[in-house]
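The values are calculated or read from the model by the stated rules, or taken from the named source; none is laboratory data. The model shown is predicted, which means the values in this text are computed figures rather than measured ones. Counting neighbours? That spans all protein chains shown, and the Cβs are built from the backbone with ideal geometry, glycine included. Keep in mind that these areas ignore ligands, DNA and RNA; they rest on the heavy atoms of the full protein, side chains included. Shrake-Rupley method; radii C 1.70, N 1.55, O 1.52, S 1.80 Å.
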Amino acid sequence: PEERLLRAIFGEKSREVMDIYMPETEDEELDVLLVIHGGAWMFGTQTMFAKECLDGAKAGFAAVAVDYSMLQEKVNALDMVDEIEASVAKAKTIIEQKGFKTGKMIIVADDEDRENEGDIICSGQMVTPEVIKFMAEERAF
């Protein structure tokens, strides 16, 4: 449904926007899929993976698709990383304001037509011995 898609601005630049696809769930804890498009930092938008985000929301996840500045817009890689970091913080705030808890591991995946690999990421303050064990067993380092 339309009300399950939220567009949020997380900065002052025109591309600092994200789409948050919320699931229809009553669960207090919510797993979040974070989609950061590739494109060699030269092309793409947060809408590139709208179908996958919708599928994630239908499966019970909050899916967050992020847009950010591109290299041709005269920004450097560190600025882009800062923008993505700001989007994660904003998405976490929005999702928690909706009454959900966040803070689990996420998997960041590449396009299946490219390397088709994924990285498991967890915020430092959320790391537990179980998280380290899981990452070690799955070769996530």
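Structure above, values below:
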item	result
Single unsatisfied condition, Ala62 versus (1) more than 18 Å from Phe10 (Cα to Cα); (2) touching a Gly at 6+ places or on another chain (Cβ under 9 Å)	(1)
Residue that is surrounded by fewer than 16 Cβ atoms within 10 Å (Cβ to Cβ), modelled with pLDDT of 85 or more and within 13 Å of the chain's Cα centre (by Cα), where the choices are Ala89, Ala63	Ala89
Unique residue being under 16 Å from Lys92 (Cα atoms) and either buried (at least 19 other Cβ atoms within 10 Å of the Cβ) or over 13 Å from the mean Cα position of the chain (by Cα) (or both) when the list is Met70, Met18	Met18
Identity of the residue in the stretch 1-15, at pLDDT 80 or above and not hydrophobic (A, V, I, L, M, F, W, C), that ends up surrounded by the fewest Cβ atoms within 10 Å (Cβ to Cβ)	Glu12
Hits in the stretch 32-51 (condition: under 12 Å from the mean Cα position of the chain (by Cα) and either open to solvent by 40 Å² or more (accessible area, probe 1.4 Å) or polar (S, T, N, Q) (or both))	Leu33, Ile36, Gln46, Phe49
First in the stretch 3-15 and of a type in the set (Val, Ile, Thr), second anywhere and outside any loop (DSSP other than H, G, I, E, B), Cβ under 9 Å, 6 or more apart	Ile9/Val17; Ile9/Met18; Ile9/Lys90
